[in-house]
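Read the figures in this text as sums done on the coordinates, not as results from a lab. Not measured: the values here are computed from a predicted model. Here the Cβ positions follow ideal geometry from the backbone for every residue, glycine too, while neighbour counts run over all protein chains shown.
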């Protein structure tokens, strides 16, 4: 159960609620929210009578929660969360298109591709400055220098920027330079990083772990939400499977399931989700048709020279034609 | 390598080719085709010089094949295979809609739903007469009686009928009564059944096995093709995954990958692919947007009473509205 | 619930029981058994009061069954099933060793290896005559000729023989020539074949499907048991996974779980379970240590020339040394 | 390729080697080692002629490396790595037994269980002070207080202690109080944490990620080794699968494969690997039989009261009897 406090409650009101929870033998969790504070209860085996709390001063309402995730679920917030960044609104009726190079390789490459993806219709620029790589011997990104290049690309194009943070240190740098902080698949259960991201007051995009169930993913989201950051976006990027025909198996069913379980917007990454250039357009279209809030696409104008994931990048021209299709499918699928 | 014979070759011509293959230390495989006969070679480690065969009388051409599947691959047949059944053409530009009850439960139920799915825009009627069930204690279908009901539904509605065969005996019954013979996921590597289906002269739809790789699936298709039946349709119906949020994980990436690997049309079954009514429409739309040749949908007008898979059936009204969306997405996604 | 009839019940007694079940709105299933007949009930949502049946003439007892599989579960039969073939007893305290070539390739090869595996300590001879192969172009086995060779090997060595059946036709041939009929992984849910095998009065070994859950596997076993054949052995042979380091992932946890869920003996096949010769001995030892009833090992004296699965075959000498280790581990692990 | 420097090389010698690598167009990686420094080369597509380096002053030898992991592979170090902690030697002929509560819950609970596992034959004490939990509402461990309790348990029993670190901060605390630092499955690709652990001069145990391939796991190990910490132990703890019969699927084949790929010792955790008390003993025995360097077992004397993973804990008495079996199997399996 969640006990939502009035906006103007006192510290004393809150303490009474907490005490009441403890006296029942349960554990209270203070959950700061954008509007007000709520108190979550854990440890109860069955439903708790609401009147034990609604009669206390400063309590606005109680919400029954049947899932292990509380703040991420539709029970807590029936209406879609909308996350606004620049002109883009994640979670609205309109599909957002995020595009850019997998990695920031140089100032020239990034500025050039940034202009091209803008011209092709993208609304948010992607580009990795801190790259978590399977091998310690692979290119690990330009780091702070990469963030500065992204900031310059934003000034030039007006596009807001999304880029990944890989630890506490890079998280604060990314939060300073970028508009959306990405937490990657490999860090989906790096709970320290999640809590730290929850203490930011910046939009965060949380990618699904390699083989995370939807419940685990929503519980990871809960780590961020419970710290008070509700500017949260999820990103499906394919899961591990037994078939090597694609790099990952893109789980579009997850998009449709999450629409009923959660109020959070869901982005689809068909580039990492398939690992093959030729599959990016069909999978982006499919994502759009089944209700994704956004697609995020790797774009490179010289894929053979890309320092990271060249085989999955499409060209700026291909992006342009894809965006045209997506705008039509978006209307048709409504 | 495939050595394609002239349409009017003699038995002697063919024997010469076979002998040549054997003399090289390889194994020849005579592969009857719709147009003419081909000879496949196995056992060779590297490429075979074409001129060893193109110089023989009766040989039309040789085709280099780099995949373990020969007849199912694009190398062998670059253009899409089209399978015509009634007014439906699988593999053309237009999406085919297959709909009907999971199981034929009674004459009344089937005729009623058949009329409704026709009115809603379906072009092919589905309905199981032989049901392979995980438990021996579950409803196993009406068998021959079910086939007769389906035939009556076809007379009434004009819709061609697809239904599953589970062994050699039911295969021949199904071939007699239905327009398309379905081989289910559990029998995808029942090689005796596949070969038997290859000897039919009726369209066959082969569902992907529970955890079959695309290569294994195409090799299973090869068992049918190699017996001379090239009226073959594939059907993606979700694969096994670690997540219990959906019954199976619908692998739409497979649709896009198969479009490049194979000339065979690919149907998507969002009902079995997700197991949840609420996901059928979004996944059908996604399938359409990424280029599926058809969608196959469980429809029931009284799902709570369904003897099989009620939770995944949509209503005839929902089908009608879905078909409308699909017609628009089809155009938008082209 | 299972209603077990007295050994000497009348047809009328049985009919009364069936009628009683139907009057409660449930479905009765007559299940022939080695000792007597039982009636299974399906369709009930909660427990059924036993006294409704124990008071009827000819009823011996009722057994409450909480699992979807009835005859395969420990609830129905608390004591281990023992399957005797020659000197080997599957399900006793002593590990059975099955060994032989993956495929019967020729009379000479088979007789030679048969003698060698006997000398090395094997108690049962394996060898495939009907080979289900992923590709239609691979060696499919010698068929009936292979069965005759196996029968000759048995005469020569005294070892009972296990070999695979792939369809109804080969099933009856195998039952005629072999001592144990194997149903392979790809046919685990070929329910027609399972039912046919259930009507044999010969031991059957049912391999686990590529990605079958333990419950699905036990339900497949139920198809055989429910036809009255309780000479049934299960065989774990590795499941499909995301890692290509081994051909399959050998699930030894399944051996331990099945020991609590079921009374059926479980064989482990480390050869197909790993696909790598070097892993056969360590995995066979592990299988023995965690309580497998038997191990089944591919042995070839000229693996480079093997027509099937050469890379996973160990030599007769390696088998000898493995059997020695197994005999010691068996004692140590008790 | 790895270029191993003489123990007494000069900074100038090293710089010459680096320069030579760069002139060939490749990237040099200085890899500090226990004995001496090596230089790894990446970016080369084929083999590099050794004489380009063996002729330089200060170079001891070159080692050809065909795998993406260099320091973790047998090519680099053919002999087993041995990690000594207290009386335990991981990687020797003798199985090490690690046991203790899943979580440090209180001083009393920990000291009590520590004495009991020592008496039962354990050589290392486990116990979580920092607990990475799927839910933010679950018990997260006692933190620093827990570390102090573990240190006290070590003083009392003489057993060295292993416990998990979850981020940079806890890593340094754990390194101060414990004998082995554990990196958990969820952090297997938390590359910042791995590098930080690589800069410790304390043994580290790296658990396999939820669905990590062996190659990804060894690449993660490489992040630690490449920073100069070669006191590294791997731990197999089960991977994600499609079957819910066990919490994870314990991949014992991995133990045998790693024995050929890597020189690092491999521990098996049958408690987390199965999630079921009844499977711990059989799986520990199996792990021993196939060559694991150690087993790590959750032990609790009041499992019903455990704050974490009670259902998978065995009792101290069960541990005692298990250790006896393991000592016998160890000898039998050699």
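Below are the figures for this structure:
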quantity: Under 19 Å from the residue D:44 label point (7 Å along Cα→beta-carbon), backbone N, segment D:16-38; calculated: D:16-32, D:37-38
quantity: Debye intensity ratio I(q)/I(0), log10, chain B, q values 0.08, 0.10 Å⁻¹ (C-alpha model); calculated: -0.39, -0.59
quantity: Computed FRET value (nearest 0.05) for residue A:24 with residue C:27, which takes r as the C-beta separation and R₀ as 45 Å; calculated: 0.45
quantity: Of B:178, B:254, B:129, the one that fluctuates the most in a GNM where chain B has Cα springs shorter than 10 Å; calculated: B:254
quantity: Between 0 and 90°, nearest 10: helix D:144-157 axis offset from chain D longest Cα axis; calculated: 80
quantity: Förster radius 41 Å - calculated FRET efficiency between residue A:145 and residue C:260 (Cβ-Cβ, nearest 0.05); calculated: 0.10
quantity: Number of partner chain Cβ atoms within 10 Å, mean per residue of A:288-301; calculated: 3
quantity: Segment B:46-106-segment A:160-232 distance, computed between alpha-carbon centres (Å); calculated: 47
quantity: Degrees, to the nearest 10: B:107-119 long Cα axis against longest axis of chain B; calculated: 80
quantity: Copy-to-copy label separations for residue B:301, where each label sits 7 Å from Cα toward Cβ, in nm and ascending; calculated: 6.1, 7.0, 7.2
quantity: Copy-to-copy label separations for residue C:119, where each label sits 7 Å from Cα toward Cβ, in nm and ascending; calculated: 5.4, 7.9, 7.9
quantity: Among C:205, C:296, C:249: highest mean-square fluctuation, GNM of chain C, C-alpha pairs under 10 Å; calculated: C:249
quantity: Neighbouring partner chain Cβ atoms per residue of C:219-225, average, 10 Å criterion; calculated: 3
quantity: Between helix C:11-23 and chain C: long-axis angle, C-alpha atoms, 0 to 90°, nearest 10; calculated: 80
quantity: Using a Förster distance of 51 Å, the FRET efficiency for residue D:321-residue A:79 (Cβ separation, nearest 0.05); calculated: 0.30
quantity: Value at 222 nm in deg cm²/dmol, rounded to 500, when DSSP H runs of n ≥ 4 in chain B each add -39,500 (n - 2.57); calculated: -11000 deg cm²/dmol
quantity: Test item: B:181-190 mean partner chain Cβ contacts at 10 Å; calculated: 4
quantity: Most fluctuating residue given options B:25, B:143, B:209, as computed from a GNM of chain B linking Cα atoms under 10 Å; calculated: B:25
quantity: Segments A:256-264, C:318-326, B:219-227 sorted - mean Cβ within 10 Å per residue, highest first; calculated: B:219-227, A:256-264, C:318-326
quantity: For the axis carrying chain D to chain A: nearest C-beta residue of D, whole Å; calculated: D:211, 2
